[in-house]
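> I'd like to ask you about the structure that follows.
All of the numbers you see were taken from the coordinates with simple rules; none came from a lab. Predicted, not measured: the structure shown is a model, and the values here were computed from it. Every residue, glycine among them, receives a Cβ derived from its backbone with ideal geometry; neighbour counts consider all protein chains shown.
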Amino acid sequence: MTEFVRVSEQLALPKGPGVPIMASARRLDTYPVHVCLDEATAVARLCDEIAGRRVALVTDDTVFAVHARRLGERLTATGLDVVSTSFPPGEASKSLPTASALLDWLAGTSLARRDVLLSVGGGVVMDTVGWVASAYMRGIPYINVPTTLLAHVDAALGGKVAIDHPSAKNLIGAFYQPKAVVSNVGYLRTLDGRGLRAGLAEAIKTGIIASPDLFALIEERHAAILAAEPATTADLVHASSVIKCRLIARDPYEHDLRRPLNFGHTVGHAVETATGYGPVLHGEAVAFGMACAARIAERRGLLDPALCARITGLLDRVELPTTLAGLPARLDPATTVAALGQIRKIRDGRLRFVLPTALGETVITDDVSDAEIHAALVVAPSAPVSRARSNGSGDA
Ligand SMILES: NC(=O)c1ccc[n+]([C@@H]2O[C@H](COP(=O)([O-])OP(=O)(O)OC[C@H]3O[C@@H](n4cnc5c(N)ncnc54)[C@H](O)[C@@H]3O)[C@@H](O)[C@H]2O)c1
Ligand SMILES: [Zn+2]
């Protein structure tokens, strides 16, 4: 079908220079989040969202082998034109070289501006592919298909996309919202226990900062969640997604840097940086960061000791680290405080802490002293469950 469009403008000459010109560009992005129990339902939702466009599926090598190859074949079987690629798994791939290789690959496909990039994987794939989508042709549509619990409850939502720079995590990034999120909790059955626990950390965070009900759901049903039981994980993913979407809708582009969603991430990022991105999973680092922030709040008299114990107790019960000794990598307090100092330098000289004061209530402050941080780091293990685990070992 040929197109013929007439465009007419008769703009008057403006008044002379001297008056500042105000340019404006407003944008409102909305997208559906589908929480599915099985792949057949997810494929049906994906077909609706893709609407016949060409698809470039990007994943990591592990996810390609366990799920994405089959997903690509199922999409092809519906008549869609699908090309696929994958990169090595792990945080090291959230990098400029990976992004550059993906851009080269895309340039070699005949993907057009309205075609769809399908991002299938954990947070590393979501962040990297989302960032590539934001840059390719000044932005092409992308759909997130999360496969880790962390990506289901957190990374797939919100359009914060980034790759790491050797000097700092998530240094090169953008806000670029997906066209849709289609999750299938069935994919979580192949994730190991360590991966499930790390993802649960972000859901516990959401509960602490915004929902006593979500926190209680996790307290009651954590065993079923860690067994990847579909109905329970679907409840968790649905509740966490609704709450996260509500929180980010207030300030999707983070004009206000004082965000409760950063709870646990100040110390967490320092742990990830100081251990070289890899030995400590993001969720594990965040769990430890939440325990530290809770202890700081308790020592300041802001958090009831019983609630502090309830928070660290849940983290202990789901075997997430709450002490330095419990981290799956050796780290001493001095190195952690030094890493925090580096982060302070990057973040306009401020180290913001989100401190819980009750379930669903936080205060955000930049006046936490190194001595307070040190005291929160050196605390002895509080319960017998806090164990020193061996380096990086995932279990089944
Ligand atoms: N953009 C955001 O809002 C946001 C939020 C939270 C975290 N993040 C980022 O997410 C990243 C961490 O994500 P992650 O924890 O999902 O790690 P990840 O993406 O590295 O995945 C962990 C491992 O699990 C494997 N895997 C994924 N799905 C699997 C499955 N179903 N079965 C078996 N193995 C599977 C992967 O191949 C990988 O080896 C960090 O870089 C973090 O900064 C981003
Ligand atoms: Zn996080």
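> Quick one: longest stretch of the chain between exposed loop GluC sites (Glu not before Pro), exposed meaning at most 14 other C-beta atoms within 10 Å and loop per DSSP?
By the stated rule (loop sites, at most 14 other Cβ atoms within 10 Å), 10-253.
> Could you tell me the convex hull volume per residue, in Å³, taken over the Cα atoms of region 33-190? Numbers along the way, then the final one.
Details: hull volume 14.7 nm³, N = 158.
Given the Cα convex hull of region 33-190, per-residue volume reads 93 Å³.
> Follow-up question, since we're still on this one. Can you put M22, M1, M290 in order, fewest other beta carbons within 10 Å first? All intermediate terms of the calculation are to be shown ahead of the outcome.
Details: M22 5, M1 2, M290 29.
In increasing order of surrounding Cβ atoms, one gets M1, M22, M290.
> Can you tell me, using C-alpha contacts under 8 Å and at least 6 residues apart, the relative contact order of region 33-190 as a whole percent?
Working: 303 pairs, mean separation 44.0, N = 158.
Relative contact order here is 28 percent.
> In whole Hz, what ³J(HN,Hα) sequence does region 331-344 give by Karplus (6.51, -1.76, 1.60; θ = phi - 60°), x for Gly and Pro?
Calculated HN-Hα couplings, in order: 8, 9, x, 4, 5, 5, 5, 5, 5, 5, x, 4, 5, 4 Hz.
> Going by alpha carbons, how many degrees (0 to 90, nearest 10) lie between the helix axis of 230-249 and the longest principal axis of the chain?
The answer is roughly 80 degrees.
> Next question. In percent, how large is the relative contact order of region 193-377, given Cα pairs closer than 8 Å and 6 or more residues apart?
Computed over region 193-377, the figure is 27 percent.
> Okay, moving on. T190 to R350: extension gain in nm, 0.36 nm per residue of separation minus the Cα-Cα distance?
Answer, rounded to one decimal: 53.6 nm.
> Follow-up question, since we're still on this one. Loop-only trypsin sites (Lys or Arg not before Pro) in region 104-153, please: DSSP not H, G, I, E or B, and at most 12 other Cβ atoms within 10 Å.
Sparse-neighbourhood loop trypsin sites (Lys or Arg not before Pro): R113, R114.
> Next question. For the chain, what does -39500 (n - 2.57) per DSSP helix run (n ≥ 4), summed and divided by total residues, give at 222 nm, in deg cm²/dmol to the nearest 500?
Calculated from helices alone, the mean residue ellipticity at 222 nm is -13000 deg cm²/dmol.
> For the chain, the longest stretch holding no chymotrypsin sites (Phe, Trp or Tyr not before Pro) located in a DSSP loop with at most 13 other Cβ atoms within 10 Å is which?
Longest site-free region, per DSSP loop and neighbour criteria: 5-252.
> Extent of region 1-93 along each principal axis, from alpha carbon coordinates, in Å, largest to smallest?
Per principal axis, max minus min of the Cα coordinates gives 64, 43, 25 Å.
> Take the Cα atoms of region 193-377, find their three principal axes, and give me the spread along each one in whole Å, biggest first.
44, 36, 32
> Under 5 Å between amide hydrogens, which residues at least 5 positions from H165 or on another chain qualify, with H placed 1.01 Å from N in the peptide plane?
Correct list: N170, L171, I172.
> Based on alpha-carbon atoms only, what is the radius of gyration of region 103-202 relative to the globular estimate 2.2 N^0.38 Å?
On the way: Rg = 13.8 Å, N = 100, 2.2 N^0.38 = 12.7 Å.
Working it through for region 103-202, the quotient is 1.09.
> Between R70 and I21, what is the label-to-label distance in nm when each label sits 7 Å out along the Cα-to-Cβ direction?
5.6
> Which number comes out as Rg/Rh for region 292-331 once both Rg and the Kirkwood Rh are worked out on C-alpha atoms?
When Rh is taken as the Kirkwood radius, the ratio is 1.03.
> Can I ask one more? I'd like the Kirkwood hydrodynamic radius of region 196-297, using the inverse of the mean 1/r over distinct C-alpha pairs, in Å.
One over the average 1/r among Cα pairs gives 14.3 Å for region 196-297.
> When N is the residue count of the chain, what does its C-alpha Rg come to as a fraction of 2.2 N^0.38 Å?
Working: Rg = 22.2 Å, N = 396, 2.2 N^0.38 = 21.4 Å.
Dividing the Cα radius of gyration by 2.2 N^0.38 Å gives 1.04.
> Counting only residues 5 or more places away or on other chains, whose amide H sits under 5 Å from the amide H of T357 once H atoms are built in the peptide plane?
T362, V363
> Tell me the relative contact order for the chain as a rounded percent, counting alpha carbon contacts under 8 Å between residues six or more apart.
14 percent.
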